[in-house]
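To keep things clear, I will list the structure first and then write my remarks on it.
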Amino acid sequence: MGQQKVLIVEDETDFANLVARSLERAGYKTVICKTGASALLEARSNPPDCILLDWMLPDMPGTEVLRRLKTEAKTAMVPVIFVTARGEEVDRVVGLELGADDYVVKPVSLRELALRIGAVLRRRLSDPSTDCHTGPEEIRVSSLYLNRKTHRAFVEGDELNLSALEFRVLWHLASNRGRVFSREELLDKIWGIHNAIETRTVDVTVKRLRDKLGKIGALIETVRGVGYRFSEQDKV
């Protein structure tokens, strides 16, 4: 594997340069963009292995940059880590629900940041919903159809508008029908975080998935006091 590239999207020059030097010492190649527009252009032209994204950029919020990244085929699967001064619980939940792979609040330890990047990259390589070479490529349950290679989901032939995060949650549950996962297990497996946010973010994501699944939303069952499972019985 060649040198992995990290795109740093940050308008504070001193901080961006500090992060870049630290990551280069850790063996990464880095590119710095100071605006959302330039970051999107760079990511589309030369997709990086990971993106560090500030929330407050001069031309558009980081959430909009993330939304655009996750809706384009060339960049949808690139891991994104928010690195921002916004540390409120609601901000963490919003960022992670939009599809960010991790959320780091400034001031941040540069060593910790490098470790988090490494963890995100390892997790992405081992995530079966992103691996096109092992395991099933499709899942069909009732009127639900999932395609892992294209990251697309359909109910009765109509495509669902799922974020990358929502697809990963749905694939993980559907590919393990009948198995109960605690909220902590889902946070660890899908979000890859431990106690960084409250477990209610899992509940919010599951609720949104059920709403998007419509009449078959009941396929995702709540196991009270434990967590969630994908039903072994087809729902009609």
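Of all residues in region 32-45, those satisfying the criterion of being crowded, with 17+ Cβ neighbours inside 10 Å and under 25 Å from SER109 (Cα atoms) are ILE32, CYS33, LYS34, GLY36, ALA39.
Is there a residue being at negative phi, basic (Lys, Arg) and assigned to a loop (DSSP other than H, G, I, E, B) anywhere in region 113-129?
Pass one, region 113-129, residues at negative phi: 113-129.
In the following step, the residues that additionally are basic (Lys, Arg) were identified as 116, 122-124.
In the following step, the residues that additionally are assigned to a loop (DSSP other than H, G, I, E, B) were identified as none.
The answer is no, given that none of the residues of region 113-129 is at negative phi, basic (Lys, Arg) and assigned to a loop (DSSP other than H, G, I, E, B).
Among the conditions (1) under 20 Å from the mean Cα position of the chain (by Cα); (2) touching a residue at least 40 places away in the same chain (Cβ under 8 Å), the only one that ALA39 does not satisfy is (2).
Confirm whether ALA153 is at pLDDT 90 or above, farther than 30 Å from ARG25 by Cα and in the same structural domain as GLY214 (by TED's automatic domain parsing). Before you say what the answer is, go through the steps one by one.
Working: at pLDDT 90 or above: yes; farther than 30 Å from ARG25 by Cα: yes; in the same structural domain as GLY214 (by TED's automatic domain parsing): yes.
So ALA153 fits the description; yes.
CYS50 meets all of the listed conditions (1) out of contact with any Pro (no Cβ under 8 Å at 6 or more places or on another chain); (2) within 25 Å of ARG168 (Cβ to Cβ) but one, namely (1). For region 131-146, indicate whether the set of residues that are within 25 Å of ASP211 (Cβ to Cβ), modelled with pLDDT of 90 or more, out of contact with any helix residue (DSSP H, G or I) (no Cβ under 7 Å at 6 or more places or on another chain) and not hydroxyl-bearing (Ser, Thr, Tyr) is non-empty. Scanning region 131-146 turns up at least one residue that is within 25 Å of ASP211 (Cβ to Cβ), modelled with pLDDT of 90 or more, out of contact with any helix residue (DSSP H, G or I) (no Cβ under 7 Å at 6 or more places or on another chain) and not hydroxyl-bearing (Ser, Thr, Tyr).
Within region 97-112, identify whether any single residue is surrounded by 21 or more Cβ atoms within 10 Å (Cβ to Cβ) and either β-branched (Val, Ile, Thr) or part of a helix (DSSP H, G or I) (or both), and answer yes or no. Looking for residues that are surrounded by 21 or more Cβ atoms within 10 Å (Cβ to Cβ) and either β-branched (Val, Ile, Thr) or part of a helix (DSSP H, G or I) (or both), one finds none in region 97-112, hence no.
Taking the stated definitions as given, is PRO48 touching a residue at least 12 places away in the same chain (Cβ under 8 Å) and within 21 Å of the chain's Cα centre (by Cα)? Taking the combined requirement at face value, the residue satisfies it. Exactly one residue among LYS29, LYS70 is in contact (Cβ under 8 Å) with a residue 24 or more places away in the chain and either hydroxyl-bearing (Ser, Thr, Tyr) or over 20 Å from THR201 (Cβ atoms) (or both), and that residue is LYS29. Restricting to region 187-217, name every residue that is modelled with pLDDT of 90 or more and either within 27 Å of ILE81 (Cα to Cα) or loosely packed, with under 15 Cβ neighbours inside 10 Å (or both). Matches in region 187-217: VAL206, LYS207, LEU209, ARG210, ASP211, LYS212, GLY214, LYS215. Screening GLU166 against (1) acidic (Asp, Glu); (2) buried (at least 18 other Cβ atoms within 10 Å of the Cβ); (3) at pLDDT 90 or above leaves a single unmet condition, (3).
So that you can scan it fast, the table gives a plain yes or no per residue for (1) among the polar types (S, T, N, Q); (2) in contact with a Phe, Trp or Tyr (Cβ under 7 Å, 6 or more places away or on another chain):
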| site | (1), (2) |
| --- | --- |
| GLN4 | yes, yes |
| THR13 | yes, no |
| ALA16 | no, no |
| VAL19 | no, no |
| ALA26 | no, no |
| LYS29 | no, no |
| LEU40 | no, no |
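The values are calculated or read from the model by the stated rules, or taken from the named source; none is laboratory data. For clarity, every value in this text was computed on a predicted model and none was experimentally measured. Cβ: placed from backbone, ideal geometry, glycine included. Neighbour counts: every protein chain shown.
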